[in-house]
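Take a look at the structure set out below.
The values are calculated or read from the model by the stated rules, or taken from the named source; none is laboratory data. Note that the structure is predicted; figures quoted are calculated from it, not measured. Here the Cβ is made from the backbone with ideal geometry for all residues, glycine too, and neighbour counts use every protein chain on show.
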C-alpha cells in the first residue's frame, strides 16, 4: 500500500496581513476600474515638412492647415471618442534630415503621417514608410516618379503632368511660342519632372523651349541665370521654384527687362511670393489649387478660423494639408476592425475636402481641378477656366 504523503499546511496569516491584502486588492480593482473609465489613448498622427529653410513657407502653411483640422475634430469629440495628437517634425533642407525626422515619427507610434510637402522629400522618406506599412498622405507632392506606384504614399494633389498641361494651354492661348525656364535643382524630383512634362505639352501646342537653366537656391545672386534666360529673347519666362526663389528671380528679371511676361509653377503659390516679390511679380501667372474667393459657408468658416488662428490667410498648401488631415480622420472613422488604413483609403472613398471631393485609385493617386491665377494688386486673382 502506497504511503500517504501529508500535504503541507499553509502558515496561518495574521489578521492584520489579511486586512492589508484585502485593502490592496480593493485598491488594485479600483485603479483598474478608474483606468478603464479614464481618458483614452490619443490617436497619434504625424506631420512632416520643411519648417526651416527655403521652403519653410510651404511647410508652415501645411502644418497650420493640418493643425486646424486636428483642433476642429478634437472640439467635436475626436475619432471614436479619442482625441487626435499631431506630432510635427521638420525635414530641414536635406534628404538625410528628412529620413531622421521620419524615423522619429515612426518610432512614436503614429498611425499615419501628413506630408511631406515636396516631391524630393517624399522620395527620401517613402522607403521607410513602405517598410513600416504606415500611410503617408502628401498634400502637395506631384512628381511623376511618385505616380502609379503601389506603395504607402497617397497624394492629395494631382501630378506635374496635369499641371504642365494646364500651363501649356494657358501659354499657348496668350500667344507665347518661345519660352525659357529657370528650375530649382534643390528639389529636382519636382522641378525636372515639371520641366519635362511642360516642355512635352508646350511642344504639342507648337511651342518651343529655347533654354532651361537649373539653379542652386543657395547662390548669392540669380542674375546670371536671368541673363542666360533673356539672351534668346523668349516670349516669356517660366520659373519652376519655391516662392522665395521665384520672387528673387522676378526682381532680377525686372532689373533687366520690365516687360517680359512671367509664369511660375504652382510651388510658388504662397503669400511669401506676394510679400517678397512686390511689384516685380505683378501680372505673373500661376496655377491655384483652390479658390480663395469661394463664398460657400463651409470654406468661409475655414478661411475665417484659419486667419484668426494664424494671423494670415490660408495658402494652397494650407487647404490641401487640411484636406489630407480630414481625409485621414474620415478614413480612421470608417475603418472596419483591423482593416489596414491603406485599404480603407482606397475602398471607403470618396472623402469630402474643403472644396473638392477626393477619391483615391488603387495606387493612392487622385485628380484635382485647378485654375490659372494672375497676381493683381498684390493678390492672386483666379481667372475663368
Filtered residues of the stretch 306-319 (kept if outside any helix (DSSP H, G or I) and either more than 19 Å from the chain's Cα centre (by Cα) or farther than 20 Å from residue 138 by Cα (or both)): 311, 312, 313
Can you find a residue that is surrounded by fewer than 24 Cβ atoms within 10 Å (Cβ to Cβ), in a loop (DSSP other than H, G, I, E, B) and not assigned by TED's automatic domain parsing to the domain that holds residue 97 anywhere in the stretch 164-171? no
Those residues of the stretch 350-377 that are at pLDDT 95 or above and part of a loop (DSSP other than H, G, I, E, B) come to a total of 14
When you check residue 297 against the structure, is it in contact with a strand residue (DSSP E or B) (Cβ under 9 Å, 6 or more places away or on another chain), at pLDDT 95 or above and surrounded by fewer than 14 Cβ atoms within 10 Å (Cβ to Cβ), yes or no? no
Answer from 249, 284 - the residue that is within 18 Å of residue 168 (Cα to Cα), touching a residue at least 40 places away in the same chain (Cβ under 8 Å) and buried (at least 19 other Cβ atoms within 10 Å of the Cβ): 284
Which listed residue, of 303, 322, 298, is assigned to a helix (DSSP H, G or I), over 17 Å from the mean Cα position of the chain (by Cα) and in contact (Cβ under 8 Å) with a residue 40 or more places away in the chain: 298
Select from the stretch 97-119 the residues that are touching a helix residue (DSSP H, G or I) at 6+ places or on another chain (Cβ under 7 Å) and within 26 Å of residue 243 (Cβ to Cβ) and list them in ascending order. 98, 99, 102, 113, 114, 115, 116, 117, 118, 119
Tally of residues being under 23 Å from the mean Cα position of the chain (by Cα) and assigned to a loop (DSSP other than H, G, I, E, B) across the stretch 274-287: 0
Here the residues within the stretch 137-151 that are within 21 Å of residue 192 (Cα to Cα) and surrounded by 20 or more Cβ atoms within 10 Å (Cβ to Cβ) are 138, 139, 140, 141, 142, 143, 146
Matching residues in the stretch 186-196 - criterion: being surrounded by fewer than 21 Cβ atoms within 10 Å (Cβ to Cβ) and at pLDDT 95 or above: 196
Check residue 178 against each of (1) closer than 17 Å to residue 257 by Cβ; (2) out of contact with any strand residue (DSSP E or B) (no Cβ under 7 Å at 6 or more places or on another chain) and name the one condition it does not meet. (2)
